[in-house]
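All remarks here apply to the structure that follows.
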Amino acid sequence: MNRRDVRRRATRRSLFLDGIAAAAAAVAFPGMLAGAEDDGKVRVQRYEEIEPEKYPWGWIRWLMNGKIDPHAEMTMGIVSFEPHQINPLHIHPNSAEFLHMLTGSAEHLVDGRWVTLKAGDTLRIPRNVPHQARTGDQPYTALIVYDTPTRVMVPVTEVKPPGAAKAP
C-alpha cells in the first residue's frame with residue numbers, strides 16, 4: 001500500500017468519524033439546528049420532544065425514519081441500555097444496522113460471536129445476521145442507524161447464544 005492510499009483511507013475514516021461526531025452533537029445539543037425551517041426538504045427532529053419507546057432493557061428514541069419523515073432514506077435513533085440487561089436475539093431482514101457507542105460499554109452477540117464495545121467503537125451488523133446486546137455493571141448509550149426508512153425487527157428463537165444451556 002502506498003502513501004497516497006494510506007492518506008485516502010485516513011481521510012475517509014476521518015470523514016466518517018466527523019459525521020458520527022456531528023450526529024452525536026446534534027443529539028447532545030438539539031438547539032444547534034434551531035434556525036432550520038421545515039420546507040419539505042429539511043426535517044428538524046427535536047430530541048427533547050421525542051418520547052422514548054420503553055423496553056424491559058432500556059429505551060430507544062427514534063430521531064428519523066419513514067414515519068417521522070416520508071422522505072427519510074434511513075432510520076436513526078438513540079438507544080439506552082440499563083445495567084445487567086439483555087435484549088432478545090433478533091435480525092433485521094430489510095437492513096444492515098450500524099451502532100456507534102456514545103457512552104458505557106456492552107457485549108454484542110453478532111452471528112454467534114460476542115464482541116465487546118466501548119464508547120467510541122462502531123459496529124456494523126449485516127442484514128439478516130442474528131444479534132443482541134447485553135450489559136454488565138454499567139449502562140450504555142449508542143447511536144443506531146439502519147439503511148432503510150422502515151426498519152423491521154424479527155425475534156429469532158431457534159438460534160441459541162453461545163454458552164446457553166443445551167436441551168437434555
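Before moving on, here are some points about what is shown:
- Residues (closer than 18 Å to ASN87 by Cα, over 12 Å from the mean Cα position of the chain (by Cα) and of a type in the set (A, V, I, L, M, F, W, C)) located in the range 118-148: VAL129
- Some residue of the range 52-60 being surrounded by 15 or more Cβ atoms within 10 Å (Cβ to Cβ) and at pLDDT below 95: no
- Among residues of the range 93-127 being over 23 Å from LEU63 (Cα atoms) and of a type outside the set (A, V, I, L, M, F, W, C), the one that is surrounded by the most Cβ atoms within 10 Å (Cβ to Cβ) is GLU107.
- Of all residue pairs spaced 6 or more apart or on separate chains, those with beta-carbon atoms under 8 Å, a first member in the range 62-91 that is farther than 17 Å from LYS41 by Cβ and a second member that is exposed (fewer than 15 other Cβ atoms within 10 Å of the Cβ) and small (Gly, Ala, Ser) are PRO83/GLY136; HIS84/GLY136.
- Of all residues in the range 111-163, those satisfying the criterion of being under 11 Å from ILE91 (Cβ atoms) and free of Cβ contacts under 8 Å to residues at least 60 places away in the same chain are ASP111, ILE125, PRO126, ARG127, ASN128, VAL129, PRO130, HIS131, GLN132.
The values are calculated or read from the model by the stated rules, or taken from the named source; none is laboratory data. Keep in mind that what you see is a predicted model, and the values were worked out from it rather than measured. Note that we place each Cβ from the backbone using ideal geometry, even for glycine, and neighbour counts take in every protein chain shown.
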